[in-house]
Each structure stands twice: as structure tokens, then as C-alpha cells.
Amino acid sequence: MDSRVSELFGGCCRPAGGGAGGALRGRGGAAPGGGGSKAKKKNGRSRGGKANNPPYLPPEAEDGNIEYKLKLVNPSQYRFEHLVTQMKWRLQEGRGEAVYQIGVEDNGLLVGLSEEEMRASLKTLRRMAEKVGADITVLREREVDYDSDVPRKITEVLVRKVPDNQQFLDLRVAVLGNVDSGKSTLLGVLTQGELDNGRGRARLNLFRHLHEIQSGRTSSISFEILGFNSKGEVVNYSDSRTAEEICESSSKMITFIDLAGHHKYLKTTIFGLTSYCPDFAMLVVSANTGIAGTTREHLGLAMALKVPFFIVVSKVDLCSKATVERTVKQLERILKQPGCNKLPLLVNSDDDAVTAAQQFAQSPNITPIFTLSSVSGENLDLLKVFLNILPPLTNSKEQEELMQQLTEFQVDEIYTVPEVGTVVGGTLSSGICREGENLVVGPTDDGKFLRLKVCSIQRNRSACRVLRAGQAATLALGPFDRSLLRKGMVMVSPEMNPTICSVFEAEIVLLFHATTFRKGFQVTVHVGNVRQTAIVEKIHGKDKLRTGEKAVVRFRFIKHPEYLKIGAKLLFREGVTKGIGHVTDLQAITTKENGLEESLGPGQLSF
């Protein structure tokens, strides 16, 4: 990374850099164990960036989960209660997580505390956390150089609430990368707690089909969970834990969505990215092969769908140091290109991992890069530190607003379970879903919505009574006929008036097409959990489109109507042809148009 870009971001790519909302730079940016003043006298500049940078963080924000505190030494009872209320607010904003910067003024000035003051402040912080049922973990310490004899420190502390009523923080991470890059093996090592033997033993528990075990290639979408408790310790399947025990012990859950790497399973990978609404994506690149096969395509998909991604360079145990460096440089070169415009951040230490997690969530341009091995375990702990600290993208206010809306559940998977009946898996887009609730599901091939009842709910393989917006789960529907269901349907509240359509318009950008894109062309359209072939009926203002051109296009689904929303992201493909866009207009099907009033049965609703 060139120095100009490094300075632009306050030296965030250096171990001396990190901090909440920005690098701990200037005189406060000394490396762990001090040495800031020495570096400054030797080089004439601080370790965090330009010379004479003021020792500041960005001013404290009223919203968000980051709190600055100068000191917390022996507060009065009234002050203590006020501090506890403030902590509750920060935890609520971070959906169960908050970061405290001790030794920092509200305006961001890095003052620092003496050893004794810091010890007393952390003791008070621990008392505050106990009061709200949370635990604290010291993320890192920094020395601030004020040319004084007494060393002064800043401490960054993670406060995490012990979950109550199953409300652990859940982040979804889609796993992308070329075939044979080590995606499933890495997930096996993270979730099982045992290193791989170099021949794929760790991935065997992740495969769902016999042919996957035989070929060693993932062809379907599977889900794996990794938990962290309130103290930041890893909770996984080691020690013979069950999924239910992991959920009970965890304050934060990472749900990995393991996607296929082979090109012939691309439609499954796209469905996983569009339908399961991942918060982040992890692009796995093999150190010995570099950027090969579908790596560029997967990178392009993540960028097109605006999913923040970080990169893991795997199999470093198979390569020389020079080969690993060459692969990293190759990645940095691609990330800096105008099409990507990302800022790579190579993670080499725990300090880098903390910086990366905070910078990554706050700036969409930051792309952390990890180099690790699933066989030797090299740098595996850095990835765990990163995942432990990684904050959610949405705050509590946005979550509350979604929960106030009417219930809408996307159907992504359909199963038949013995003694349970029909089960559907998917994500609750909005509202709240409870056991025993009556919903309607559709649209069917002729545009109808059918009544059903939610018999039970499971989330992360353990029973759950209430499902909230943004959470993924499986719902048991009892004796409901499975043949009436398909992927792409929605289950909604009976009070909702869902808009279904066969014809819609979208503003698109044609990413690639070998010749010209014209009226009558057929493409596979992905909108959320909807995947269906559509025909191009009209290109507004143009006769044809070429690669890179924009237009508003009218599509018609060739099979059956679908439930769409204006503004929804759209991705279409056909062979090498690819394009992205968003839905701008819907030609809604009314009840009379579809002849539903005459064909209603006793168990059917129409709108």
C-alpha cells in the first residue's frame, strides 16, 4: 500500500494505528509497550501518520456503541447509576455490544491515565457491567507520550451483555472463493475446534451429500455456527457440545453460509448471496493458486450486491513466504483498481485484527486480508479475534423499525421432516413471528395466497418461541401440503396486501455481454429469494444495449407471478451475460385480473 493512501486513513494499516472510529494516531499512536516518543525523535514523525498530528480520535457520537471516558475513579452513587444507564444505552445501540475507550475525552483528545487511575477505572467499569449483566474484555492498551516521567495509558474495552431470552447477536457471513481454495475446511476447523490433517478431514462434517464427500466439492448451501461468550471466548462443537448448547452459552453467534466454488454451481452461489441476506462475505483465496477460477466472479458478485467483504488467504503452510507475499500483492493490486477502489489492510497481529474489525464496519472501503493455515493453525486466532469484535451493520433503532412492520418471511428452503411435517427455512424480513401464528403463503402459480399456521420455530438448530426481523430460522407448518410450496414464496401477515406481478421494470447496468442485449433476450433473474427466467419485453429509449451501458428495461416472468418490492436489488445472468440493477416499477396483478374471486377454496385467501 502506498504511503499516500496510508496517510489518508491515518495510518490505519499499521499496528500502531487502530482505534474506535479511526486510528489511534499522533502521539497516542505508539505501539504496544510504548516507544512512541523514541520513534518520533528518530524519524521526526509519529508512528500513526504525519508528523505533529494532534493526538485525537474522532469526537464521540451520541448514537452508536462507542463511549469515551476520561476516567471512572470512585464515582458517587448518583454518578454510578447515571453511568450504568449510559452503558445500557450503548449496549442497546450495539445490540448487546459496546466499546469503551478509557483515558479519552469526549472531543476525542487522547489524555491517558496513570497505572493506578486505569486500574480504578477498570474496576468501576467491571462493577457497571455486572450491574447490567455484562462482561468486559480488555482489547488493547496504548501508551500516550506526553514527555512526562509517569507513563499514561489508554485502554480499549469490549463490553458484551450476557444474552437473555435467546437474544444473542447473530451475524451472517457468506463464504466465497474458487473451488479447492479451502472454504469448507476452514469452516470445519473454526466450528469443530480441531485442525485439519491436510487431506480434508475437517470438512467432512459440513457436507450434505455423498457426492460432495466423494469429490470434496461443495454443491449445496450449508450453515455452520461459531459462538463467542460474553468474555470473548470461542464456543464451538469441541468438547462434544450440541448446537443447542452453543446457542445457550453464546452472547454472539457467527452463522457461516458455505457456498459452492465450482462454476457449474454458480446459480446456487448467487441464490445464497441474494436470498440469505449475509451481513458480510469472506472471500477465501488459496495461497498456492492465487486469484484463479471463480475468484474474480465471486468478488464481483459481492461488490455488485454491496456486501462488505474481507479476504482470507489459506494454505500458507503449502507455500514459501515469497509465494504468499506474491498472492497478497496480487490481491492488493486488484482491490486498488478503479473498479474496486478498496483499501487493503493486511492483518499480522491481534492489534491489527482489532483495528481491522472496527475500521471495516465503519468504512466500506477497508478490506482486511488474513493469511492463515487450517493445517498448522497459523494466524487462525487473528481471524477469531476479528470475528469476535466485528460489530453489526444495523443499530437497534433500525431493528425496532423493522419489527414494527407487518410479518414477512422469505421461503428459501423446503423440507419434509418425519413426525413434524412440512418445514420451511428462510429469513424474517420484517415484523415478528410467534409460535401458533396464522399467516398466508404465496403466490402460487395462479397468484393465490394460502392460509397456514406456524406450529414451531427453530433457530440455529434450537427451539425458539419468537422470531424477530432479520433473523433466519426454520418454521414447522405441520400437515401443510409441501407440493403447494416452492422457493421464492413469502409468508406474510393476513393484514398485508402483498404486491404480486409478472411484469416489472428495472434500472440496470449491463456488466458483460458478448454482442448486443436486445428485446426478446431471456435471462435468469435473481431478486432476493426469487429466481426465475424472464424475457426482455422493452428497453426504454434504446434498441439495444452493450457492455457497460445503463437503461430501464421491462421484464416479464415466463412461468408464474412473483412477490417483488420497488427498490429491491436485482441481478440477472445468462451464460456469460451478467447485469445488476434495482426494481423501479411493478405492474401489479389485481384480484379480478387473475380471476381469483371465482376460484377461491375454503383454505385460500386472495388479495
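The values are calculated or read from the model by the stated rules, or taken from the named source; none is laboratory data. Predicted model only: the values in this text are computed from it and were never measured. Neighbour counts are summed over all protein chains in view; Cβ atoms, including those assigned to glycine, are modelled from backbone coordinates with ideal geometry. Side chains included, ligands, DNA and RNA excluded: accessible areas come from the protein's heavy atoms. Shrake-Rupley method; radii C 1.70, N 1.55, O 1.52, S 1.80 Å.
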Report summary line: Counting only residues that are open to solvent by 10 Å² or more (accessible area, probe 1.4 Å), touching a residue at least 24 places away in the same chain (Cβ under 8 Å) and not basic (Lys, Arg), region 481-492 contains a total of 3
Report task. Please work out which one of (1) closer than 30 Å to residue 413 by Cα; (2) modelled with pLDDT of 95 or more is the condition residue 313 fails and give its number. Result -> (1)
**Report entry** Enumeration of residues in region 378-411 that are of a type in the set (Asp, Glu) and surrounded by fewer than 21 Cβ atoms within 10 Å (Cβ to Cβ)
**Finding:** 378, 381, 398, 400, 401
Query - Members of region 540-564 found to be assigned to a loop (DSSP other than H, G, I, E, B), touching a residue at least 40 places away in the same chain (Cβ under 8 Å) and closer than 29 Å to residue 490 by Cα, listed by number - result: 559, 560, 561, 564
Query raised in the report: Are there any pairs with C-beta distances below 6 angstrom linking a residue in region 353-371 that is crowded, with 21+ Cβ neighbours inside 10 Å to a residue that is aromatic (Phe, Trp, Tyr) and outside any loop (DSSP other than H, G, I, E, B), with the two at least 6 apart or on different chains, and if so which?
Result: 353/386; 356/386; 357/386; 366/360; 368/310; 368/360
Requested in this report: With respect to residue 346, determine if the residue is over 30 Å from residue 472 (Cβ atoms), in contact with a Ser or Thr (Cβ under 8 Å, 6 or more places away or on another chain) and modelled with pLDDT of 90 or more.
Outcome: yes
Report summary line: Only one of 295, 323, 289 is under 22 Å from residue 189 (Cβ atoms) and touching a Lys or Arg at 6+ places or on another chain (Cβ under 9 Å), namely 289
Report summary line: Per the filter on region 127-140, residues surrounded by 16 or more Cβ atoms within 10 Å (Cβ to Cβ) and either among the charged types (D, E, K, R) or over 17 Å from residue 98 (Cα atoms) (or both) are 135, 140
Query raised in the report: Restricting to region 61-95, what's the tally of residues that are in a helix (DSSP H, G or I) and touching a strand residue (DSSP E or B) at 6+ places or on another chain (Cβ under 8 Å)?
Result: 4
Query raised in the report: How about region 159-169: which of its residues are at pLDDT below 90 and buried (at least 22 other Cβ atoms within 10 Å of the Cβ)?
Result: 161, 168
Query raised in the report: in contact with a strand residue (DSSP E or B) (Cβ under 8 Å, 6 or more places away or on another chain), of a type outside the set (Lys, Arg), more than 30 Å from residue 457 (Cα to Cα) and modelled with pLDDT of 85 or more - does that describe any residue in region 189-204?
Result: no
**Report entry** Residues of region 285-298 satisfying the condition of being touching a Leu at 6+ places or on another chain (Cβ under 6 Å) and not polar (S, T, N, Q)
**Finding:** 298
Query raised in the report: Taking region 427-473 on its own, how many of its residues are in a strand (DSSP E or B), open to solvent by 40 Å² or more (accessible area, probe 1.4 Å) and within 28 Å of residue 557 (Cα to Cα)?
Result: 1
Query raised in the report: What helices (runs of 4 or more DSSP H) lie completely within region 215-326 and have 1 or more residues being closer than 20 Å to residue 576 by Cα?
Result: 266-275, 295-304
Requested in this report: Report, by residue number, each residue of region 482-512 that is at pLDDT 90 or above, more than 12 Å from residue 441 (Cβ to Cβ), more than 27 Å from the chain's Cα centre (by Cα) and of a type outside the set (D, E, K, R).
Outcome: 483, 500, 501, 502, 503, 504
**Report entry** Hits in region 526-558 (condition: open to solvent by 40 Å² or more (accessible area, probe 1.4 Å) and hydrophobic (A, V, I, L, M, F, W, C))
**Finding:** 535, 552, 558
Requested in this report: Residue by residue through region 512-523, note down the ones that are surrounded by fewer than 16 Cβ atoms within 10 Å (Cβ to Cβ) and on the phi < 0 side of the Ramachandran plot.
Outcome: 512, 514, 515, 516, 518, 519, 522
Requested in this report: Tell me, please, whether a residue that is among the hydrophobic types (A, V, I, L, M, F, W, C) and over 24 Å from residue 277 (Cα atoms) can be found in region 431-447.
Outcome: no
Report summary line: Scanning region 407-426 for residues that are closer than 17 Å to residue 495 by Cβ and in a strand (DSSP E or B) gives 408, 409
Query raised in the report: How about region 499-539: which of its residues are over 30 Å from residue 489 (Cβ atoms) and not in a strand (DSSP E or B)?
Result: 513, 514, 515, 516
Query raised in the report: Which one is farthest from residue 268 (Cα to Cα) among residues in region 280-294 that are crowded, with 24+ Cβ neighbours inside 10 Å and β-branched (Val, Ile, Thr)?
Result: 285
Report task. Could you list all residues from region 443-493 that are at negative phi and charged (D, E, K, R)? Result -> 445, 446, 448, 451, 453, 459, 465, 468, 481, 482, 486, 487
Query raised in the report: Which one is farthest from the chain's Cα centre (by Cα) among residues in region 104-151 that are of a type in the set (Asp, Glu) and either assigned to a loop (DSSP other than H, G, I, E, B) or closer than 14 Å to residue 69 by Cα (or both)?
Result: 149
Query raised in the report: Restricting attention to region 559-594, and to residues there that are within 18 Å of residue 522 (Cβ to Cβ) and open to solvent by 70 Å² or more (accessible area, probe 1.4 Å), which single residue is modelled with the lowest pLDDT?
Result: 576
Query raised in the report: Got at least one residue in region 358-368 being closer than 30 Å to residue 98 by Cβ and modelled with pLDDT of 95 or more?
Result: yes
